[in-house]
Amino acid sequence: MKKLILLLTITLAFNCKNDNESKINKKLNVVTTTSMITDLVRNIGGDSINVQGLMGSGVDPHLYKASEGDVSKLVDADIIFYNGLHLEGKLVEVFEKMSGGEKTPVALADELNKKLLIGSEYFASNYDPHVWFNIEFFKKFTEKVTIILCEKDPKNAETFRANEKRYLADLDNLQEDVKGVVAALSPEKRILVTAHDAFNYFGKAYGFEVVGLQGLSTATEAGVQDVQKLAAFIIDKNIKAIFVESSVPKRTIEALKAAVNAKGHKVEIGGTLFSDALGTAGTPEGTYLGMYRYNIKTIVSALQ
Ligand SMILES: [Zn+2]
């Protein structure tokens, strides 16, 4: 990481593009971190901006390290939108290096009322960073992205605001749909066991008890004791299904299933949820709206 920061510093120092004329006419270059944020920024910016997402489908932000290719994207960026709250643990140092100059790094979670966040001792921020699973919070992200884009590119402000209005309406519809699907699942069946604790905000919003095998970050591996303890919990609560996540290796959840089965209790793997990354671009799950609908259907049909 040190080498990369040095490379970044050198590249920034030598990258003296003083072509003001091209600046006026050129599209804003926006760099984003997670695929949820990339999708959001594309929805608001449309064809009026260039968006480059650092983390694709299936990429785990907790463990993500910037590559040299990312550095060149960051050097050309006018704005960097990221989650914050130490979700992108290893990138924070790189972003901090960039603030104060012409670039605008924006930690979207800074917009949220801290009193509404779920605390966590695990993260240096002291908060659980998986805030996008609260749709109200994702609306706040939407508003902030729009404000920043309008500030940096006033000539397209009308377009950005129109896109914001449409997207906020889509998020309202999503909320209604999710409530409808969840209502079909009786409250005692609302227990969500996944690979890591990404779903606490989702659980709080829709009445699910959430248990992650690896805790809040994937940076710590689950031990044998964690597996045995959670296996006992699953048997005790008579849970029908547990879930794999697309950005976390399957083996821990498979070990958990084996531990439950070894005790003579049947538990299924209810499907793969999208937690810290969206699905493949071009598929419905490759968007935030599609990902949320897919997750909730998968959860409810497996636990019913
Ligand atoms: Zn996570």
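Taking each pair of distinct Cα atoms in the range 28-68 once, what is the resulting Kirkwood hydrodynamic radius in Å?
On the way: mean 1/r = 0.0933 Å⁻¹.
Kirkwood hydrodynamic radius for the range 28-68: 10.7 Å.
For Leu28, what residues show an amide H to amide H distance below 5 Å, using hydrogens built from the backbone and excluding near sequence neighbours?
Asn50
Relative to the first principal axis of the alpha-carbon coordinates of the chain, what is the inclination of helix 288-303, with its axis defined by its Cα atoms, in degrees from 0 to 90 and to the nearest 10?
The answer is roughly 0 degrees.
Along the charge dipole of the chain, pointing to its positive end and built from +1/-1 on Cβ of Lys, Arg, Asp and Glu, which listed residue (His86, Gly101, Met291) has its Cα farthest out?
The Cα lying farthest towards the positive end belongs to Met291.
Please list the three semi-axes, largest first and in whole Å, of the ellipsoid equivalent to the range 180-303, using sqrt of 5 times the eigenvalues of its alpha carbon gyration tensor.
23, 17, 12
Among Ser275, Thr33, His130, which residue has its Cα positioned farthest towards the positive end of the charge dipole of the chain, with +1 placed on the Cβ of Lys and Arg, -1 on the Cβ of Asp and Glu, and the dipole taken about the Cα centre?
So the residue we want is Ser275.
Debye calculation, C-alpha points only, no solvent: report log10 I(q)/I(0) for the range 2-177 at q = 0.09, 0.11, 0.18, 0.20 Å⁻¹, in the same order as the q values.
The Debye formula, applied to the Cα set alone, gives -0.32, -0.48, -1.25, -1.46.
In debye to the nearest 20, how big a dipole does the range 172-304 give about its Cα centre with +1 on each Lys and Arg Cβ and -1 on each Asp and Glu Cβ? Before the final figure, lay out each step's value.
Working: 14 positive and 14 negative charges, 87 e Å.
In debye, rounded to 20, the range 172-304 gives about 420.
Determine the sum of side-chain charges near Gly53: Lys and Arg each +1, Asp and Glu each -1, restricted to other residues whose C-beta is under 13 angstrom from that of Gly53.
Every neighbour counted, the sum reads -1.
Once amide H atoms are placed 1.01 Å from N in the peptide plane, what residues at a sequence separation of 5 or more from Lys90, or on another chain, have their amide H within under 5 Å of its amide H?
Excluding prolines and chain starts, which carry no amide H, the hits are Tyr64.
Compute the length gained on full extension between Glu68 and Lys155: take 0.36 nm times their separation in residues and subtract their Cα-Cα distance, giving the result in nm to one decimal.
Residue separation times 0.36 nm, minus the Cα-Cα distance, leaves 28.0 nm.
Any chance you could give the angle, 0 to 90 degrees and rounded to 10, that helix 224-237 forms with the longest Cα principal axis of the chain?
For helix 224-237, the angle is close to 60 degrees.
By the scheme Lys and Arg +1, Asp and Glu -1, what is the net charge of all other residues having a beta-carbon under 9 Å from that of Ser247?
Details: positive: none; negative: Asp60, Glu245, Asp276.
Here the charged neighbours net out to -3.
I need the phi-derived Karplus couplings for the range 48-53: 6.51 cos²θ - 1.76 cosθ + 1.60, θ = phi - 60°, integer Hz, Gly and Pro marked x.
In residue order, the calculated couplings are 7, 10, 9, 10, 10, x Hz.
Give me Rg over Rh for the chain, both radii from the alpha carbons and Rh done the Kirkwood way, two decimal places.
Rounded to two decimals, Rg over Rh is 1.00.
Can you tell me the relative contact order of the chain? Whole percent, Cα pairs under 8 Å, sequence separation 6 or more.
In percent, rounded to a whole number, it is 18.
By the scheme Lys and Arg +1, Asp and Glu -1, what is the net charge of all other residues having a beta-carbon under 15 Å from that of Ala169?
-3
How many angstrom separate the Cα center of the range 42-98 from the Cα center of the range 246-296?
The range 42-98 and the range 246-296 have Cα centres spaced 25 Å from each other.
Given charges of +1 on the Cβ of Lys and Arg and -1 on the Cβ of Asp and Glu, with all other atoms neutral, how large is the dipole of the chain about its Cα centre, in debye to the nearest 20?
With Lys and Arg at +1 and Asp and Glu at -1, about 400 debye.
Ordered by packing density, taken as the mean number of other Cβ atoms within 10 Å over each peptide's residues, highest first, how do 116-123, 254-261, 40-47 rank?
Taking the mean over residues of other Cβ atoms within 10 Å, the ranking is 40-47, 254-261, 116-123.
222 nm [θ] for the chain, helices only, -39500 (n - 2.57) per DSSP H run of 4+, per residue, to 500?
That comes out to -14500 deg cm²/dmol.
Label points 7 Å out from Cα along the Cβ direction at Ala281 and Asn173: separation in nm?
2.4
Each value in this text was obtained by applying a stated rule to the coordinates, not by laboratory testing. Everything numeric here is computed off the predicted structure, so don't read it as measured data. Glycine gets a Cβ as well: all are built from the backbone with ideal geometry, and neighbour counts include every protein chain shown.
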